[in-house]
Number of protein chains: 2
Amino acid sequence: MINPLARKLSSFVDLSPDDCRHLDDLCTDTRTWGAGGTLIREGERPEVVFLLLDGWACRYKLLPDGSRQIMAYLIPGDLCDIHIFILKAMDHSIGLLSEANVAAISKAAMQRTLEERPAIARALFWSTLVDEATLREWLVNMGQRDAYARLAHLFCEMWLRMKQIGLTHGNSFTLPVTQEELGDTMGLTSVHVNRVLQRLRAEGLLSLARGQMTLHDIDRLREIAGFDPNYLHLDRRD
Amino acid sequence: MINPLARKLSSFVDLSPDDCRHLDDLCTDTRTWGAGGTLIREGERPEVVFLLLDGWACRYKLLPDGSRQIMAYLIPGDLCDIHIFILKAMDHSIGLLSEANVAAISKAAMQRTLEERPAIARALFWSTLVDEATLREWLVNMGQRDAYARLAHLFCEMWLRMKQIGLTHGNSFTLPVTQEELGDTMGLTSVHVNRVLQRLRAEGLLSLARGQMTLHDIDRLREIAGFDPNYLHLDRRD
DNA sequence: CGATAGTTTGATATCCTTCAAAACCTGTGG
DNA sequence: CCACAGGTTTTGAAGGATATCAAACTATCG
């Protein structure tokens, strides 16, 4: 399976070969963007739905004082803006954390998919609910955990999400995010992120260098973070 | 208009009198719960959809160490658990902040509504997206603003949301939330919440006593909070 | 009127920020 | 192959926002 969206949705529903082909057909209009670019800006009303095929992006808001809060990481298989069917304008922006390959899906094509492919529609709704649950968990993370547990939690989550779409190699995965960006994600300064990372490294829990993350002791990291993956709803069984 | 859900959805779509009647019909099985009760517990799979008709509730998670994070306030017109159509189990709990009147809507009735009432279905999807946008804004709040701005922001938001459903009296509204609960909401201790509230009161910005909140200077509060209501998507105009 | 939950106060500790500079990469052009 | 530029990571010292702990005070309600 090549299409990362199909890969992701398959962890929730069984997609027919026909559904998979359909998803592939949606991804004909693709384009590569450079790292640091902006896919969608707050206030805009995009004309197409963007699907990340390769690379990382993030949802973020800029505040009047120049600070930035990153509110979600988008990885291959993630849709950027299904909101456009309903809402008048984006209430946040989407930026690229790495070079990325992005498919632009027309509103009409997307609409047709939702109407004609109930399995896909259902899985997309599931995906929306998981996004929301993830936001809630991030809120818990920011509100209740110190920087040490907070970073550990983020890394546990991203490892699982990357694994879900088949992009881990053992305990390693690509994490194309600077310490500055990690800070903007966790409500910390990059200085403090740096010091906490050093501690995590010194304790032999992980390695992170040149955008490559390896978790050496996932069990311990989960323990530190109080990580419970239930909010990702990866479990299909009833 | 009595039904608070109809009231809320009307700020997004024009509901026909028939739609409104339909919503009223959904609210036949109602019950009053005492403050402090738990509507739904994490891990459960509710059999019905709960709709808050009167009173306040909150989404929250309890952590192993006993701390609690409140992730959303639910006010009249809010649905507690549309998730049940898709997800296997609740990933958080819902508790009552005040005495509350709650309608229990059967899954089947809800399903029928979604299928037969496109205007309502569309409005409910809008409502879900607004909930998600609100979570993102809360994340910004926790990550980037200090306790002073954070509380100001929360109060600006709740005033607008209460206004939307017609439950404000001028600049006043019911806020049946203890300082402890405010702390669990904003990732602060109740002690610190207390001190910040005192400052806000001393500056003549608000009064809060016995669950009654009055905002004396909304413009100034918005300024302090950096409050931009765009994320609530209250504006219907294109 | 006493019990209980909620609010307020003070003193001290800690996590994290701020500021500023140095060290380290990585890619580029000479 | 070296030198240089720009972004990123690392380090140190000092300050500030918020937590912690413990006790007193205040409402509310049966």
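The numbers here are math on the coordinates, done by the rules we state, and not lab data. Given the structure is predicted, the values throughout are model-derived calculations rather than measurements. Ideal geometry is used to build each Cβ from the backbone, glycine not excepted, and the neighbour counts take in all protein chains shown.
So which helices of chain B fit the span-like rule, where a helix is a whole DSSP H run, its Cα atoms reach 15 Å or more along the axis, and its mean Kyte-Doolittle is at least 0.0? Before the final figure, lay out the partial values.
Details: long enough: B:118-144 (39 Å, 0.28); B:147-164 (26 Å, 0.03); B:190-202 (18 Å, -0.19).
TM-like helix candidates: B:118-144, B:147-164.
Calculate the mean, over all residues of peptide A:54-63, of how many other protein chain Cβ atoms lie within 10 angstrom of the residue's Cβ.
For peptide A:54-63, the averaged partner shielding equals 2.
State the Kirkwood hydrodynamic radius of the stretch A:101-158 in Å, one decimal place, computed from all pairs of distinct Cα atoms.
13.9
What is the calculated FRET efficiency for residue B:101 to residue A:167, with r their C-beta to C-beta distance and R₀ = 56 Å, to the nearest 0.05?
0.70
Check which residues have an amide H placed less than 5 Å from residue A:40's amide H, if you skip close sequence neighbours.
A:94
Say each of residue B:112 and residue A:67 gets a label point 7 Å from the Cα, pointing the same way as Cα to Cβ; how far apart are those two points in nm?
Inter-label distance under the simple model: 5.1 nm.
Going toward the positive end of the dipole of the stretch A:1-49, with +1 on Lys and Arg Cβ and -1 on Asp and Glu Cβ, which of A:36, A:26, A:5 do you reach last?
Working it through, the farthest residue towards the positive pole turns out to be A:36.
Over the whole of B:85-93, what's the average partner chain Cβ count within 10 Å per residue? Rounded to a whole number, please.
Per residue, the number of nearby Cβ atoms from other chains is 6 on average.
Rounded to the nearest 500, what is the 222 nm mean residue ellipticity of chain A from helices alone, with -39500 (n - 2.57) per DSSP H run of 4+ residues and division by all residues? All intermediate terms of the calculation are to be shown ahead of the outcome.
Values: 8 runs with 100 residues, N = 238.
The helix contribution divided over chain A gives -13000 deg cm²/dmol.
Specify the inter-centroid distance of the stretch B:160-186 and the stretch A:174-209, based on alpha-carbon positions, in whole Å.
37
Please report the spacing between the Cα centers of the stretch A:45-109 and the stretch B:1-28 in Å, no decimals.
33
Label position 7 Å from Cα toward Cβ: report the copy-to-copy distances for residue A:146 in nm, one decimal, ordered from shortest.
Relative to the other copies, residue A:146 has label-point distances of 2.2 nm.
Hey, which of these cross-link pairs are over 29 Å Cα-Cα: A:8/A:61; A:107/B:61; B:8/B:61; A:163/B:8; A:61/B:107; A:8/B:8?
Long pairs (Cα-Cα over 29 Å): A:107/B:61; A:163/B:8; A:61/B:107; A:8/B:8.
Can you pull the three principal axis extents for the Cα set of the stretch B:82-223, in Å, largest first?
Here the Cα extents, ordered largest to smallest, are 53, 32, 29 Å.
Compute the Rg to Rh ratio over chain A from the alpha carbon atoms, using the Kirkwood formula for Rh, and round to two decimal places.
Rg/Rh: 0.96.
Could you give, in nm with one decimal, how far residue A:203 is from each other copy of that position, shortest first, with labels 7 Å out from Cα toward Cβ?
Relative to the other copies, residue A:203 has label-point distances of 3.7 nm.
Which shape class, rounded, prolate or oblate, goes with the stretch A:1-60 when its Cα gyration tensor gives a ≥ b ≥ c as root eigenvalues, a/c under 1.5 marks rounded, and past that a/b bigger than b/c marks prolate?
Cα axes put the stretch A:1-60 in the prolate bin.
Taking a quarter of the surface of the convex hull around the Cα atoms of the protein assembly as shown, what do you get in nm²?
With the hull built on Cα positions only, its mean projection is 21.8 nm².
Would the stretch B:176-222 count as rounded, prolate or oblate if I go by the C-alpha gyration tensor, calling it rounded below 1.5 in a/c and otherwise prolate when a/b exceeds b/c, oblate otherwise?
prolate
Please average, across the residues of B:124-136, the number of beta carbons from any other chain that are within 10 Å of each residue's own beta carbon, and give a whole number.
Averaged over the peptide's residues, the number is 5.
I need the inter-copy label distances for residue A:43: point set 7 Å along Cα to C-beta, values in nm with one decimal, smallest first.
Here the equivalent label points are 4.8 nm apart from this one.
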